[in-house]
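What follows is a set of notes on a single structure, which appears directly below.
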Ligand SMILES: [Fe+2]
Ligand SMILES: [Fe+2]
């Protein structure tokens, strides 16, 4: 398969890519964007209900019951609401993989990567990019979702090749499809006009070439690469011995202290399983 064989405009997806792009392009808190976010949420009953449920959940509730979208946005903040809308919007994309291997190795892997990336962005002095880190973690493997839509049987074959032969996802995909999920995801990001930062993370998260010397985009790619390995080490995503090497290399590039590495890597599985937000996300795509 060649990238040109995939017609991103006619792929049968439950989410209109333009809707996803519109949400992601709202990148500041101007009154105009605040209203647009409110409008985008309001037209979709499932998303409106999901946002209100989240605003009143144990992990986001600030005490008072939130009954309106406007209150939810002003209480939780524009950026957090935006990434929750992305989560609720892309839920139906992840639901396309209605089999256990997809749920664990693609959906739950993406959720854990998102949660770890967000927390790491805060620890690394990038609090202004926490929600971008969450979204980048959630969507970094979007190419796998697309490959699964293009040909589910062949995508399952790639997962089995990784599990049984211990080869990387990209190597298995190249063998079966002729292209890999980073290439497919990047092409989709360009077609769908997703933000530049996100497109770069999707394209480069498997390459390991990023150096920490440049700006936010390179650091974000490293944050997602690191979170990706932490998720795999915790059992969400396919673990291979190389994962430990990549994890250590990326941690070094990010300048993570041993204490910060321990905080992210030790007992991550137990911590993630006890995290009420992870439980909520798991319940979204059952
Ligand atoms: Fe990946
Ligand atoms: Fe991944």
Expressed in nanometres to one decimal, the distance between label points 7 Å along Cα→Cβ at residue 171 and residue 216 is 3.6
Helix-derived mean residue ellipticity, 222 nm - over the chain, DSSP H n ≥ 4, -39500 (n - 2.57), to 500:
-20000 deg cm²/dmol
Provide 220, 84 in ascending order of the number of other Cβ atoms located within 10 Å of each residue's Cβ, fewest first.
84, 220
Step by step: find N for the range 41-182, compute 2.2 N^0.38 Å, then divide the Cα radius of gyration by it. What's the final number?
1.21
FRET efficiency, 1/(1 + (r/R0)^6) with R0 35 Å, evaluated for residue 259 and residue 2 via beta carbons:
0.15
Contact order normalised by residue count of the range 164-286, Cα under 8 Å, 6+ apart, percent:
16
Calculate the spin-label point distance for residue 33 paired with residue 9, positioning each point 7 Å from the Cα along the beta-carbon direction, and give it in nanometres.
2.9
Rounded, prolate or oblate: pick one for the range 14-93, where a ≥ b ≥ c are the square roots of the eigenvalues of its C-alpha gyration tensor, a/c under 1.5 means rounded, and failing that, prolate if a/b is larger than b/c, else oblate.
oblate
Likely footprinting exposure, 181, 186, fewest C-beta neighbours within 10 Å first:
186, 181
May I ask you to compute the full-extension gain from residue 18 to residue 75, defined as 0.36 nm times their residue separation minus their alpha-carbon distance, rounded to one decimal in nm?
17.8 nm
Any chance you could run the full-extension gain for residue 269 through residue 245? It's 0.36 nm times the residue separation minus the Cα-Cα distance, nm to one decimal.
6.7 nm
Mean separation of Cα pairs under 8 Å and 6+ residues apart, divided by the residue count of the range 14-93: what relative contact order is that in percent?
41
Sort the range 95-286 into rounded, prolate or oblate with this rule: let a ≥ b ≥ c be the square roots of the eigenvalues of the Cα gyration tensor; rounded if a/c is under 1.5, and if a/c is not under 1.5, prolate when a/b is larger than b/c, oblate otherwise.
rounded
First measure r as the distance between the Cβ atoms of residue 164 and residue 56, then evaluate 1/(1 + (r/R0)^6) with R0 = 45 Å and state the FRET efficiency to the nearest 0.05.
0.50
Relative contact order, percent, the chain [alpha-carbon distance under 8 Å, six or more residues apart]:
20
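Taking each pair of different alpha-carbon atoms in the range 137-243 once, compute 1/r for the pair, average those values, and report the inverse of that mean as the Kirkwood hydrodynamic radius in Å to one decimal. It would help to have the intermediate numbers written out before the result.
On the way: mean 1/r = 0.0707 Å⁻¹.
That comes to 14.1 Å for the range 137-243.
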C-alpha center-to-center spacing [the range 238-279, the range 72-133] in angstrom
17
Most exposed first, judged by fewest Cβ atoms within 10 angstrom, 155, 78 run 78, 155
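Just so you know, all these numbers are worked out from the coordinates, no wet-lab data involved. Quantities reported herein were computed from a predicted structural model and do not represent experimental measurements. Cβ: placed from backbone, ideal geometry, glycine included. Neighbour counts: every protein chain shown.
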